[in-house]
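Input: a single structure, listed below in structure tokens.
Quick note: the coordinates plus some simple rules give every number you see, no bench work behind them. In this text, all values refer to a predicted model and were calculated from it rather than measured experimentally. Neighbour counts run over all protein chains shown; Cβ positions are idealised from the backbone, glycine included.
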Amino acid sequence: MDSTYQGAGDKDDRIILVQFDEGDKENPMNWSKPKKWLMTSLLCSMTLAIGLSTTAYSSGIGTMVAEFGVSNELGQLGLFMFNASCAIAPLFFAPFCELTGRRVVYVTAFGLFSVFTLMLVFGENIATILLGRFFQGVTGSIGTILVGGTLADLFDDDERSIPTSIFTFSAIVSTVGAPLYANYIDQYLGWRWIQRVMICFTGAVFILEAVLFRETRGSAILTTRAKKLRKDTGDMRFRSPAEVENQGIAQLFRESSLRAVTLLIREPVVSLFGAYLALAWGVIFLFLSVINITFGDIHGWSEGNVGLAYIPLILGCFIGFGTGLFQDHLYFRKKAENKGVAVPEARLYGAMIFSPLFAIGMFIFAWTGYRADISYWGPLVGLCLILVGIYHVFLAVYSYTGDAYQELGSSAIAGQGLMRNMFAAVTPLFATQMFNGMGVQWAGTLLAILALILAFLPFILFAKGETIRAKSKYASSQTGLSDKRAQSGDEEKAGGKAEEGKAASEASQ
């Protein structure tokens, strides 16, 4: 659909605005379900490949540092490089992503991610490996930060819960599942074969994405359409909404990157939920070392068999996915009861029920995993419970933050992502020393206490969330609470004036 409005030009300031018609087949919202799910499958496959690469590296650290003759701590630095670059890179590159379509970002970033994996396959020294991990983190983060927005391009609010749940599942299960196979590869074939397997998988997914993925960002599609109309007709007045807005890099950087840090600092909900998320994600990366201590050093399992201890974590992901769908059911039921108006606090039912399992599972793991004469089933059960709890921490943090801050939600989540990845970056650096020095039981207890304290957060927000949001200039301005508060204030003032008038009338009588 084309429409005209008065522009700012001197000669011919009437612009023909290019927009989607109702039912426009080029609008991603109107694509067929098979096409939408094809795009979703490609995104989840990419997420799976990046997640597996993130932690598969950890399985080969021991043999890699032995080959290079460097310390184990230097090998662990590869995990730090990946997560630290994942934390920081999106703050600088996200604005560039806004100026282009989704497809060019996905294909370029994931293609480079696959290329940088070759540095791990052929690297002849630790410096090459660490540099490769850094660039993997940068390109991997760019490839995944847009997935939530891409799903929003394709599905409306009522349809998006299942695709988002599958994406969340892919991100978590890939991160915890890689050692299941990578440990055996390292034991029998060596650490380089881990990366050879990963380059084959990531390369195959990249080819599928490059061939099959289509642009989903509506503004990018309209910009392409406007350019084509200008070329075909010679009429330079055709413009897309994005071209009319003409936002520069500096403005986009202020609106996305700096705002993410601002919300993280100034908004208690963002920072506290970010801390909960950081603890959860940090524990996952901490377990890359701790599971080896518990099942390898204490129980005497072989390197390959230690990978079997990750099965309970994978099982926890499946349980989390299923119970997450139950959480969605409760949310939509509450939304229907509220006459179709979304209630952010309704996103917290799952966290209130299941996130305490994070602390409970940690206590079980700590006090059943520190001695060889206690059955290994104890820590295995603890691991499963930990992951179910962590899964619901993720669901609650992202969904509640998105609903509470709405248009600012992506910036708030980006700030939380900074905390999450930075803490995950540092935990592998001290995990072995912490659990060997304090003992599995006491180090685990410390983490369990932290998880237990933060487990009260969903309950507090469920009870006081609306009040907290009403006092926030960021959240309230996005949820209508400011208007509601202003309206309430006006009503109180009007009521006060009415009472004054009534009292004055009575006095005069």
Alpha carbons only, please: Rg and Dmax for the chain, in angstrom.
25.8, 101
Determine, for each peptide in 353-362, 382-391, 444-453, the mean count of other beta carbons within 10 angstrom over its residues, then list the peptides with the highest first.
382-391, 353-362, 444-453
Could you list His329, His299, His392 in order of exposure, starting from the residue whose Cβ has the fewest other Cβ atoms within 10 Å?
His329, His299, His392
Report the relative contact order of the chain, percent, no decimals, based on alpha-carbon pairs under 8 angstrom and at least 6 residues apart.
18
In nm, give the distance between the simple-model label positions of Ile449 and Ala204, each being 7 Å from the Cα along the Cα-to-Cβ direction.
4.8
Semi-axes (Å, rounded, descending) of the ellipsoid equivalent to segment 141-248 per its C-alpha gyration tensor are 41, 19, 11
Would you mind checking which residues have amide H under 5 Å from Phe238's amide H? H placed 1.01 Å from N; only 5 or more apart, or other chain.
Ile16
Taking +1 at the Cβ of each Lys and Arg and -1 at the Cβ of each Asp and Glu, which of Gly111, Val244, Ile194 sits farthest along the dipole of the chain towards its positive end, judged by Cα position relative to the Cα centre?
Gly111
Scattering from the C-alpha atoms of segment 262-474 alone, worked out with Debye: what is log10 I(q)/I(0) at q = 0.07, 0.09, 0.13 1/Å?
-0.23, -0.37, -0.73
Treating the beta-carbon of each Lys and Arg as +1 and of each Asp and Glu as -1, no other charges, what is the dipole magnitude of the chain about its Cα centre, to the nearest 20 debye?
260
May I ask you to list, by number, the DSSP H helices of the chain whose Cα span along the axis is at least 24 Å and whose average Kyte-Doolittle hydropathy reaches 0.0 or more?
33-59, 72-99, 102-122, 126-145, 161-188, 191-212, 268-291, 311-337, 377-405, 409-438
Within a Cβ distance under 13 Å of Ala309, other residues only, what is the Lys/Arg minus Asp/Glu net charge?
-2
For Leu43, the net charge from surrounding residues (Cβ-Cβ under 14 Å; K, R +1; D, E -1) works out to +4
Place a point 7 Å from the Cα of Leu38 along the Cα-to-Cβ direction; which residues of segment 178-209 have their backbone N under 12 Å from it?
209
Using a Förster distance of 22 angstrom, determine the FRET efficiency expected from the C-beta separation of Arg371 and Leu429, and round it to 0.05.
0.25
Can you figure out the FRET efficiency of Ile311 with Met236, using R₀ = 60 Å and their beta-carbon distance, to the nearest 0.05?
0.45
Beta carbons within 10 angstrom, averaged per residue: use that to sort the peptides 194-204, 166-176, 333-343, highest first.
166-176, 194-204, 333-343
Among Arg420, Arg259, what is the fewest-to-most ranking by other Cβ atoms within 10 Å?
Arg259, Arg420
Centre separation in Å (Cα based) which lies between segment 15-87 and segment 130-207:
5
Per Stokes-Einstein, at 4 °C and 1.567 mPa s, what whole-number D in µm² s⁻¹ belongs to segment 19-172, with the Kirkwood radius over Cα pairs as the hydrodynamic radius?
76
